[in-house]
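Enquirer: This is the structure I have questions about; it appears just below.
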Amino acid sequence: MNQTIFSKELSSNLRNSLFLYRNYKQIVLGMFVIIALTNPVHAEDLAQDPTAKPTETKPLKDIEFLGMKLIDANLNSVRSHLWDVGGFLQAKTTVKQRNIDKFFPWSTLRDSYHITFQYNHSGKVVSVRRVYRPYSIINSNKRSEITTRDVALKLIPELGQPTSTSRKGWGGGGPYQSYIWQDESMKITVDREGSEKLGNIFVEYIIKPHKRYLVIKTEEDA
């Protein structure tokens, strides 16, 4: 009789222990989820070297592209600079153009298909667009295609957190995230061509003070 009572008590204790264990697992899992959702990704989390400190963010007007300060760049300085840097082939169709330049990287920025500069009539840079290859060297440690998030994370140490984000691509191919940094001097966008999931990823710099149709007139022209 005593043995039967003891067996029943043991079974009851085991059931209670199993119940508490399951609840404990759920509580711990819930805590991890809450921590993950309440901690945003910061610039230091994006560096290739986990011990590296994030660089100081710059005002957008001081942002450089390939070593050129875009707010000060013009057609002549762009062509001269890229010639000095080397590793770029200019599209023949743009050699004689005054409002657009298109360069194809062959030994520099090999993770990109092409880079397009657009100028206004006074020669100032109006916009720059860099189009990435699907399997970029910045993601060489991954077998999957790069994402807009991968590219945005590379920019955050210099630009800081994006001004805004937008979820796109609902029309087909699956959704994705686009990212924007902007102030009164510049707008920087990470997006996909055609706003579609299958479109190539690009980074576009738009220099706001440089009006596209600005023309510098001399006193003789006035």
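Every number in this text was worked out from the coordinates using simple rules, so none of it is lab data. Quick caveat, the model's predicted, so the values are computed rather than measured. With ideal geometry, Cβ positions are generated from the backbone for all residues, glycine too; neighbour counts draw on all protein chains shown.
Enquirer: Where Lys and Arg each count +1 and Asp and Glu each count -1, what net charge lies around K187 among other residues with Cβ under 11 Å from its Cβ? Kindly include the intermediate steps, with their values, before the conclusion.
Expert: Details: positive: K208; negative: D183, E184, E204.
The answer is -2.
Enquirer: Restrict the search to the range 69-103; then list the trypsin sites (Lys or Arg not before Pro) that DSSP places in a loop and that have at most 16 other Cβ atoms within 10 Å of their Cβ. Could you put the intermediate results ahead of the total?
Expert: Working: sites: K69, R79, K92, K96, R98, K102; in loops: K96, R98.
Sites meeting the loop and neighbour criteria: K96, R98.
Enquirer: Can you give me the distance in nm between label points at N200 and E184, each placed 7 Å from the Cα along the Cα-to-Cβ direction?
Expert: Taking the two extended label points, one gets 3.6 nm.
Enquirer: Could you give me the ³J(HN,Hα) list for the range 150-167, computed from phi with Karplus coefficients 6.51, -1.76, 1.60 and θ = phi - 60°, whole Hz, x at Gly and Pro?
Expert: 4, 5, 4, 5, 6, 8, 4, x, 9, 9, x, 5, x, 5, 7, 10, 9, 8
Enquirer: Report the calculated FRET efficiency for A91 and T57 (r = Cβ-Cβ distance, R0 = 25 Å), to the nearest 0.05. It would help to have the intermediate numbers written out before the result.
Expert: Values: r = 34 Å, r/R0 = 1.35.
So the FRET efficiency works out to roughly 0.15.
Enquirer: Right, next: Work through the residues other than Q177 whose Cβ is under 13 Å from its Cβ and net out their charges, Lys, Arg +1 and Asp, Glu -1.
Expert: Details: positive: R149, R167, K168, R192, K197; negative: D150, D191.
Result for the neighbourhood of Q177: +3.
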